[in-house]
Structures are given as structure tokens and as C-alpha cells.
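Structure first, then comments.
The values are calculated or read from the model by the stated rules, or taken from the named source; none is laboratory data. Being a predicted model, the structure only gives us computed values, none of them experimental. Virtual Cβ from ideal backbone geometry, glycine too; neighbours counted across all protein chains shown.
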Amino acid sequence: MSEANLPRIRLKAKEERRIKSGHLWIFSNEVDTGHGPLQGLEPGAEVIFEEASGKPLGRGYVNPHSLICGRLLTRDWKRKLDQRFLETRLQQALDLRERVYPEPYYRLVYGDSDGLSGLVIDRFGDHLVVQVNTAGMERLLPMLLPALDVVLQPKGVLLRNDSPLREQEGLTLDVRVASGDWPAALCLQENGVPFQAHGETGQKTGWFYDHRENRRELMRWVKGQRVLDVFSYIGGWGLQALAAGAETLTAVDASEQALDQLQANAEQQGVADRVTSYEGNAFDVLQALLEQGEKFDVVVLDPPAFIKRKKDYKNGLSAYSKLNNLGLRLLEKDGLLVSASCSMHLPEQALLDTVRATARHVDRHAQLVYRGSQGPDHPVHPAIPETHYLKALFFRVNPAL
């Protein structure tokens, strides 16, 4: 649609300052509804955003039923959001990943950070798992699929559209193969270690690429060590530790399906005889291990987000404290604790303070030896703090000084 025919969404006076400073989101209370037809627009409709004076700010899409009612995709307000636009953005995203990773296993598109708000794509060689999380990106989907064909020529594309974010946008949930053939299992390599994952039924897109750099760091610390991997999923942390020379792996996860795949990956890697798995609630399993007198040289705590919304902060922080308490008590002297969080609402300093306070509570001396975050395939948008969510803190732990 040409710019002459597009609806115009005008912001209130001075509300454009955040957008001009680099942000890409427009909130419903920032819109001058007396000047624009926001409530009459279809969710996902393409629009031109304007500052209060009427000067264009850029082009994007809207959802009048969402708190984030507008998302800017380009500051060139005359640029059409067509297949060529998507091809350009996908190629830019691909260029970044190919600069960093020699093999085609990574997050190919990370939403706003790649200029494609509402879109996540994970690449598993010739197969792509796509998450479309906003109404605007849903409307672009008929152009996105051919754009992916032009840029990547994938053998198969799976739409993993079952995120709760879609419900907030008024979208239906579904998982389906959008094009090509889909394999029984996805193959990938991370830090030289082979894995298989399941895009249709696994968590999120089937794999968590964001901790790749932190898992590589762990590999430096684990030779000859007994490793406890809590919230292990299908073995990302623990099996890479075994590949780096760890003596044994004890994996804990609530999902039987995940542990079955972990065992299958261990068999593929030839290390199944060094793996012990426990299915169940992590807090219950760790307490049971304590009561049995178990000890480990390395404890990895990589839980799901305990703080999904700001109002969850107090209860979530308590859960992080309890988890780290159990982890510290299971560590041998001179052990390594890896405490991670994917809760965007938990600052790194708060996690650091939690481990510090917990270590003092159990009479331990913790030394921070490494602080990690998400890898370059999850680039941070400097103006959007929400794109920076991952923390991984490594502590050497000894008896109190």
C-alpha cells in the first residue's frame, strides 16, 4: 500500500522523544486518539506514525487492542513493508550470524533487535522454526515465507505459533509445517557437540541458543568434575560438560520427554553410562539429594523465568534465593556454582546480591569468576532494555573466610 493511502497515527505532544531516541514501541496512552483512527483499525494494520506536528516518524503496524499498540519497523516512512523489505532485513540478520558462527545453528532473527518486531526464527541447518508473536507480523507472514525462500532456501519451515504472547495479541495458537518437509528430529551442533531436538513438541523452538557462550565458558571448568545440571532440558549444559571431560552428569528436569531426549543425545555422544537423571520438581529433587548426602563439584542452575511480570518480582526473587540456597549446599568445597536467570525483570545485580546473601546464610565464601549474557545471535537493542534478559554468573565457592 502506498504511503498516501496508509492510516496515520499521531502521537501526543512530546511523546515522540522516546521514539526519536531509538525505541521502537508506541504505547496506547501516547497516541492522540482525537486525531487518528486507532480504534477503528484492524489488528496488524500497516500505518505511518507521526509526531504531534504531523511530521512522519516512520512506518510500522498497530494493534489497537494491545498496550503496545504500535511497533515501528522502519524510520523511512516511504518504504513499503513488502517482500523486498523482509528480504533485506533477513539478509542483514543472516550476515551478522554468519560473521560469528561457522555452522548454521543459531537464532537467525531476534525480533526488535533485528528490525522485525514480533518475529523469532531459530535455524537448525536447512530447517527453520518460526515464531510469529504479533498481529502485525502475522499479516506479513504471506510475504515472509517467500522472503525466507529467497534468502535461505530452507528445506522446511515450522510455524511454532503457540506462545502466550499471541493470545495477548488476539491471535490463535497453532503448530504447523508451513513449507517443505519436516524431519523427525532436528540436528544441531553447539560448541562442537552434536544434539537432536524436536521443534514441534520441545520447549520454545526446541532449543535454547541464548546460553551458547556461557556453556562454552563452562567447558573450561569441568574436567574431571561431577556435574549437577538443574532444569537440564535435553542436555545443553550437562552434555557439553561431559564432552569437555566432566566425570559424571546428574540431570534434573520436570519433563519426562526432555529427559528421554537428553538420554538419547547422551547415547548419540557415547556418554550415556555417565548420566543419571531425576524427573521431578527441582526443589524437591535437590532437597532429596541433600538428605541423601550427595555432593557435586559443579552445580548449574538455569531455571525458567521465575519473574515473568513485574508483579511477580517478590515471589520470583524468593524462588531464586531458595534455589541457590539448595545449590550452594550441594557443592563440594572449591566447587563451581552457575546461577542463571532468563527473567528480564531481574537485574544482574539482583541475582548477584541473591547469591551473595545466600552464600553468607549457608556460611560460604563465593567468588564471582565469570559473568555472561546472551550470545551475538541475540543482539541487544540499546534503546529496548527488554531485549537484554539473560544472566549467567559463575561463582567459585569455598567455606567462609
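Where in the stretch 227-293 are the helices (runs of 4 or more DSSP H), entirely inside, with at least 2 residues that are surrounded by fewer than 14 Cβ atoms within 10 Å (Cβ to Cβ)?
Helices (runs of 4 or more DSSP H) meeting the threshold: 256-269, 282-291.
Please work out which one of (1) without any contact (Cβ under 8 Å) to a residue 40 or more places away in the chain; (2) buried (at least 20 other Cβ atoms within 10 Å of the Cβ); (3) assigned to a helix (DSSP H, G or I) is the condition L90 fails and give its number.
Condition (1) is where L90 drops out.
Looking at H65 and the list (1) in contact (Cβ under 8 Å) with a residue 60 or more places away in the chain; (2) surrounded by 17 or more Cβ atoms within 10 Å (Cβ to Cβ), which single condition is not satisfied?
(2)
So, in the stretch 150-170, how many residues would count as being modelled with pLDDT of 95 or more, more than 18 Å from the chain's Cα centre (by Cα) and surrounded by 13 or more Cβ atoms within 10 Å (Cβ to Cβ)?
7
Collect the residues in the stretch 122-147 that are hydrophobic (A, V, I, L, M, F, W, C) and surrounded by fewer than 22 Cβ atoms within 10 Å (Cβ to Cβ), keeping them in residue-number order.
Within the stretch 122-147, L141, M143, L145, A147 meet the criteria.
So which residues in the stretch 331-390 are of a type in the set (D, E, K, R) and either under 28 Å from R309 (Cα atoms) or not in a helix (DSSP H, G or I) (or both)? Walk me through it before giving the result.
Start the filter on the stretch 331-390 by keeping residues that are of a type in the set (D, E, K, R), which leaves 332-334, 348, 353, 356, 360, 363-364, 371, 377, 386.
Selection gives E332, K333, D334, E348, D353, R356, D363, R364, R371, D377, E386.
Being among the β-branched types (V, I, T) and under 21 Å from the mean Cα position of the chain (by Cα) is the filter here; which residues of the stretch 171-190 pass it?
V175
Of everything in the stretch 94-113 that's crowded, with 24+ Cβ neighbours inside 10 Å and touching a residue at least 24 places away in the same chain (Cβ under 8 Å), which residue is farthest from M137 (Cα to Cα)?
Step by step, filter the stretch 94-113, then rank; the result is Y106.
So, in the stretch 27-57, of the ones that are surrounded by 19 or more Cβ atoms within 10 Å (Cβ to Cβ) and of a type in the set (G, A, S), which residue ends up farthest from D82 (Cα to Cα)?
Selected residue: G36.
Mind counting the residues in the stretch 75-93 that are more than 17 Å from G136 (Cβ to Cβ) and either under 26 Å from the mean Cα position of the chain (by Cα) or among the hydrophobic types (A, V, I, L, M, F, W, C) (or both)?
5
When residues of the stretch 184-214 are filtered for being surrounded by fewer than 22 Cβ atoms within 10 Å (Cβ to Cβ), over 20 Å from Q257 (Cβ atoms) and in contact with a Gly (Cβ under 6 Å, 6 or more places away or on another chain), how many remain?
Qualifying residue count for the region: 1.
Counting just the residues of the stretch 299-324 that are part of a helix (DSSP H, G or I) and in contact with a His (Cβ under 7 Å, 6 or more places away or on another chain), which one comes out surrounded by the fewest Cβ atoms within 10 Å (Cβ to Cβ)?
Filtering the stretch 299-324 for residues that are part of a helix (DSSP H, G or I) and in contact with a His (Cβ under 7 Å, 6 or more places away or on another chain), the one surrounded by the fewest Cβ atoms within 10 Å (Cβ to Cβ) comes out as K310.
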